[in-house]
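What follows is one structure encoded as structure tokens, with my remarks underneath.
Taken together, the values in this text are just the output of simple stated rules run on the coordinates, not laboratory data. Values in this document were obtained by computation on a predicted structure and should not be read as measured data. Cβ atoms come from the backbone with ideal geometry, glycine included; neighbour counts cover every protein chain shown.
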Amino acid sequence: MRTERSMRVQVVGRNGRDIFKGGVEVPEDGTFADLKKAIQRRNSKYYPDRQRISLPLQPGQLRPTPIDGSKKLKDCLTSDRPQVVFKDLGPQVSYRSLFFFEYLGPLIIYPIFYHYPQVYTHFGLPERTFTYPVQTYALYAWCFHYLKREFETFFVHRFSHATSPLANVYRNCVYYWAFAGFIAYFVNHPYYKPVGETQMYVGFAISIVGQLSNFYCHVILKNLRTADGKSSYQIPDGFLFNYVTCANYTTEIMQWVGFNVATQTIAGYLFLTAATYIMTVWAVQKHRRLKKVCTHTSAHHQSVKFSPSNCKSYLTAVGVVVLLDYSQCYIYLS
Ligand SMILES: NC(=O)c1ccc[n+]([C@@H]2O[C@H](COP(=O)([O-])OP(=O)(O)OC[C@H]3O[C@@H](n4cnc5c(N)ncnc54)[C@H](OP(=O)(O)O)[C@@H]3O)[C@@H](O)[C@H]2O)c1
């Protein structure tokens with residue numbers, strides 16, 4: 001009869017102390033995913049998505065390298081006393097739940113200020129007695145935007161991470177819900193003064209083009225991945241991605257520029273500033289990560305695409321001076 005051979009892996013925290021006395025027993029031929037399951041058997045609160053397993057740091061290494069769950073233990077743990085470093089990531093929620101809740105607030109809060117003008121009496125103001133067309137169109141634009149995001153969450157995005165820390169739900173909800181209330185309060189205010197008709201139409205036209213382009217960018221990103229979200233990061237191509245690394249952020253910013261041109265409130269512009277700042281920081285990080293990806297794949301067109309004008313990388317990421325940047329690449333390519 002064939003018996004499965006097993007090995008004992010020492011599981012330590014980042015301070016080097018044992019997490020489980022005597023280590024954890026796993027099949028010798030097992031993977032890191034099997035190790036996570038074995039850890040869960042020792043303590044049921046540590047379900048696999050809550051665990052981060054890495055190899056002990058090597059001299060000179062500052063950050064641990066996360067390990068793919070499909071990797072075989074015996075390929076990475078070669079020492080006689082195999083050891084891994086364990087980090088408890090805390091309670092987790094699925095990415096879909098995180099996105100669902102953060103977008104749900106704006107869909108509830110904003111219409112309250114439009115449909116129930118009596119809320120202003122709680123702020124010591126009179127009820128709004130007249131509704132300008134711009135306030136009605138703003139409601140449609142707002143709801144369309146967040147319904148689109150909910151739709152994308154469930155039917156478009158292919159997330160690579162199954163879960164996110166629970167704390168992010170509170171943080172993101174405060175951000176989206178508070179800004180929804182803040183903007184809705186001013187756009188539907190009883191003393192609101194609308195902009196001229198031409199400005200309103202130009203603003204909403206920019207917003208609609210931004211929203212549709214943003215949706216198309218998300219479809220392009222979706223097609224980079226297999227349905228199980230397993231495949232890694234790739235360099236997006238086509239449409240505005242030929243010019244901008246994170247065209248989905250560029251078009252998101254465009255949509256909020258349009259909304260603000262049409263509605264013109266300080267609250268809206270503050271949101272635009274915060275959103276632009278956040279997306280710029282993320283875009284720069286993603287731009288760097290994709291640059292690394294091309295170095296690894298060393299595909300000729302990809303490395304060329306990212307090579308010129310490092311000084312312009314920041315702008316390239318979010319797409320301000322990008323046209324210049326990439327036209328150089330394409331001239332170089334051709
Ligand atoms: N108003 C605001 O403050 C604000 C702030 C941020 C975002 N947003 C909006 O929310 C949308 C979603 O935000 P996000 O930050 O989650 O966008 P994101 O990181 O660009 O991700 C969108 C989806 O595409 C995938 N993806 C991105 N780049 C990829 C690549 N190179 N290869 C393969 N897949 C890739 C992501 O996978 P992973 O799961 O692996 O990441 C994710 O499933 C944005 O596009 C924007 O419209 C708004």
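Side notes on the structure shown:
- Added length on full extension, which subtracts the Cα-Cα distance from 0.36 nm per residue, Lys21 to Phe123: 30.8 nm
- When the chain is treated as a GNM with alpha-carbon contacts under 10 Å, the residue of Pro236, Pro82, Pro190 showing the greatest mean-square fluctuation is Pro82.
- Basic side chains Lys and Arg get +1 at the Cβ, acidic Asp and Glu get -1 at the Cβ, and with that the dipole of the chain about its Cα centre reaches some 1240 debye.
- Residues Tyr116 and Ala162, FRET efficiency given R0 of 35 Å [Cβ-Cβ distance, rounded to 0.05]: 0.35
- Listed pairs Lys71/Lys148; Lys37/Lys286; Lys71/Lys291 exceeding 27 Å between Cα atoms: Lys71/Lys148; Lys37/Lys286
- Extents of the chain, taken as max minus min of Cα coordinates on every principal axis and listed largest first, are 82, 58, 38 Å.
- Amide H contacts of Met7 (H built 1.01 Å from N, under 5 Å, at least 5 apart or other chain): Val26, Glu28
- Counted residue by residue at 0.36 nm each, then reduced by the alpha carbon distance between them, the extension gain from Tyr132 to Tyr47 reaches 25.3 nm.
- Estimated vicinal HN-Hα couplings, Hz - the stretch 268-282 in sequence order (Karplus 6.51, -1.76, 1.60; Gly, Pro = x): x, 5, 5, 4, 4, 5, 4, 5, 5, 4, 4, 5, 5, 4, 5
- Shape category assigned to the stretch 6-90 from the gyration tensor of Cα positions, a/c cut at 1.5: rounded
- Taking each residue as 0.36 nm, the span from Ala205 to Lys72 lengthens on full extension beyond its C-alpha to C-alpha distance by 42.5 nm.
- Residue of Phe239, Phe271, Phe99 that the Gaussian network model of the chain assigns the largest fluctuation, springs spanning Cα pairs under 10 Å: Phe239
- Highest-MSF residue in the chain out of Asp68, Asp88, Asp237 [GNM, Cα springs under 10 Å]: Asp68
- Rounded to whole Hz, the Karplus (6.51, -1.76, 1.60) HN-Hα couplings of the stretch 153-166, x for glycine and proline: 4, 8, 10, 10, 4, 10, 6, 8, 9, 6, 9, 9, x, 4
- Formal net charge of residues neighbouring Arg42 (Cβ-Cβ distance under 15 Å; K, R +1; D, E -1): +3
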